[in-house]
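Student: Shown below is the structure under consideration.
The values are calculated or read from the model by the stated rules, or taken from the named source; none is laboratory data. Given the structure is predicted, the values throughout are model-derived calculations rather than measurements. Cβ placement follows ideal geometry from the backbone for every residue including glycine, while neighbour counts extend to all protein chains displayed. Side chains are part of the model used for accessible areas, which takes the heavy atoms of the whole protein and leaves out ligands, DNA and RNA. Shrake-Rupley method; radii C 1.70, N 1.55, O 1.52, S 1.80 Å.
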Amino acid sequence: MSLLNEYRQLQAEQATIRAVDAAVKLQTTEAQLIAAQVGEGVTQLDVTQLEGILKGLKKLQHVMALTRNAQVVSEISGCYEKIYCHERNGVKTAIAINPTGIDLRLFLSKWHSVFAVQTHPKYSSIQFFDKYGVAVHKVFTTEHSDIEAYQQLVNQYKAQEQSAELTVLAPEAVLNEDKPINDIDIQGFRQGWQNLQDVHHFPALLTQFALSRTQGLEVAGEQWAQEVSPMCLTSVFETVKQQQSEIMIFVNNHAAVQIYTGRLDNLKQVGQWFNILDNGFNLHILVNQFSRAFVVKKPTDNGATEVHSIEFFDAQGSTIMTLFGRRSEGNEQSADWLALCNSLRCEEVVA
């Protein structure tokens with residue numbers, strides 16, 4: 001039986017099954033499952049034209065952007081605005097700047113295939129995948145989208161070859177990046193941390209000392225990083241909701257980061273999923289699959305101003321979500337956010 005026929009049979013048995021879950025059951029990848037439907041509601045687009053496709057999304061007007069990893073799904077409704085694409089040393093990236101809407105950081109060199117998918121008689125999507133067949137970003141039309149603009153985008157960037165076969169690579173084994181503790185220049189690393197003047201320089205500091213992110217947080221010292229229980233997430237969201245303060249929620253995989261900025265209102269546990277179900281923003285979280293969490297402080301170039309964040313990791317040490325209190329450049333985060341982060345640190349010390 002062909003993959004497409006197997007999928008149709010599975011859909012008949014489980015009408016609401018998501019493509020990502022169906023792919024697991026059928027022992028394939030989501031990208032290959034989508035490719036198997038080429039010609040039947042699916043059109044393969046030209047992946048060499050990612051810049052044009054992304055900039056063309058603005059014409060669709062109101063859409064829903066989805067970025068996920070294995071533990072978190074972020075869905076933000078709005079418009080693709082201020083999209084800038086860059087290439088440096090052969091590495092392609094893009095950003096969509098809209099702090100009150102669809103706000104993205106995209107690593108296009110890791111994107112391998114793209115499809116237009118008719119997911120519903122009324123709604124359609126553009127779906128992007130990496131070389132392993134894993135979804136990295138998706139864009140869904142809504143009742144307020146310009147469907148004619150969507151169809152024009154699909155026609156303009158339709159790939160010349162429409163194949164139901166898609167080659168993907170086998171997942172790479174996750175290697176333990178941590179170096180022996182005795183080989184770490186802890187004093188030098190801590191001094192480098194103290195000398196930071198921009199939170200965006202932190203990855204370069206880790207690279208300089210050849211540390212993974214979690215190992216860097218482990219050796220930073222309690223002044224800068226304190227490990228806490230990842231189960232604190234739900235209480236953090238409940239506190240932010242009660243305070244009606246603005247939070248920034250970064251959800252990422254290795255090829256995309258999606259950022260929500262705003263308040264939280266409707267929090268709800270449904271089965272194993274903890275959810276934020278707000279107008280224009282939905283977040284779905286498998287908290288029990290979080291492995292580690294840290295409250296982190298980083299200095300800035302503005303004297304005593306320090307940026308506080310809460311960072312969450314999976315069992316492989318990959319960042320899956322990061323929380324910040326909203327702040328304008330050069331200013332302090334809110335007193336409520338600083339108090340929340342410090343209370344988590346104190347609770348963990350007491351424990």
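Student: Taking a ≥ b ≥ c as the square roots of the Cα gyration tensor eigenvalues, with a/c under 1.5 meaning rounded and otherwise prolate when a/b beats b/c, else oblate, which class fits segment 126-262?
Tutor: Verdict is oblate for segment 126-262.
Student: Roughly how big is segment 73-142's charge dipole about its Cα centre, with Cβ charges of +1 (Lys, Arg) and -1 (Asp, Glu), in debye to the nearest 20?
Tutor: 160 debye
Student: Please name whichever of G39, P230, G78 sits farthest to the positive end of the charge dipole of the chain, dipole taken about the Cα centre and charges placed at Cβ: Lys and Arg +1, Asp and Glu -1.
Tutor: Result: G39.
Student: Shifting gears a bit: For segment 1-73, what's the relative contact order in percent, using C-alpha pairs closer than 8 Å and at least 6 residues apart?
Tutor: Relative contact order for segment 1-73 comes out at 21 percent.
Student: Among residues other than S291 whose Cβ falls under 12 Å from its Cβ, what is the net charge (Lys/Arg +1, Asp/Glu -1)?
Tutor: Summing Lys and Arg as +1 and Asp and Glu as -1 gives -2.
Student: Then there's this: I need the peptides 89-95, 251-257 ranked by packing, meaning the mean over residues of other C-beta atoms within 10 angstrom, with the highest value on top.
Tutor: 251-257, 89-95
Student: Then there's this: Looking at segment 207-284, which GluC sites (Glu not before Pro) are DSSP coil and have at most 13 other C-beta atoms within 10 Å of their C-beta?
Tutor: E222
Student: Under a Cβ-Cβ cut-off of 14 Å, what is the net charge of the residues other than V117 that fall near it, where Lys and Arg count +1 and Asp and Glu count -1?
Tutor: +2
Student: Shape of the chain from its Cα gyration tensor (a ≥ b ≥ c, root eigenvalues): rounded if a/c is under 1.5, otherwise prolate when a/b > b/c, or oblate?
Tutor: Prolate.
Student: At a 1.4 Å probe radius, carbon and sulfur cover how many percent of the accessible area of segment 61-194? Working shown, then result.
Tutor: Values: 3650 of 7530 Å².
Carbon and sulfur atoms account for 48 percent of the accessible area of segment 61-194.
Student: Ok, one more. Please go through the residue pairs K92/K131; K241/K297; K55/K138 and name each one whose alpha carbons sit more than 19 Å apart in this structure.
Tutor: K241/K297
Student: Per 0.36 nm of contour for each residue apart, how much would the distance between E222 and H284 grow if the chain were fully extended, relative to their Cα-Cα spacing?
Tutor: That works out to 19.2 nm of additional length.
Student: Once fully extended, how much extra length lies between E161 and C346, figured as 0.36 nm per residue of separation less the alpha-carbon to alpha-carbon distance?
Tutor: So the chain would gain 60.7 nm between E161 and C346.
Student: Do you know the relative contact order of the chain, to the nearest whole percent, from alpha carbon pairs under 8 angstrom that are 6+ apart?
Tutor: Relative contact order comes out at 17 percent.
Student: Roughly how far apart, in whole Å, are the Cα centres of segment 55-114 and segment 201-258?
Tutor: 21 Å
Student: On average, how much accessible surface per residue is there in the chain, in Å², for a 1.4 Å probe, leaving out ligands, DNA and RNA?
Tutor: It amounts to 50 Å² per residue over the chain.
Student: Which trypsin sites (Lys or Arg not before Pro) in segment 1-76 sit in a loop by DSSP (not H, G, I, E or B) and have at most 11 other Cβ atoms within 10 Å of their own Cβ? Please list the in-between numbers first.
Tutor: Values: sites: R8, R18, K25, K55, K58, K59, R68; in loops: R18.
The qualifying sites are R18.
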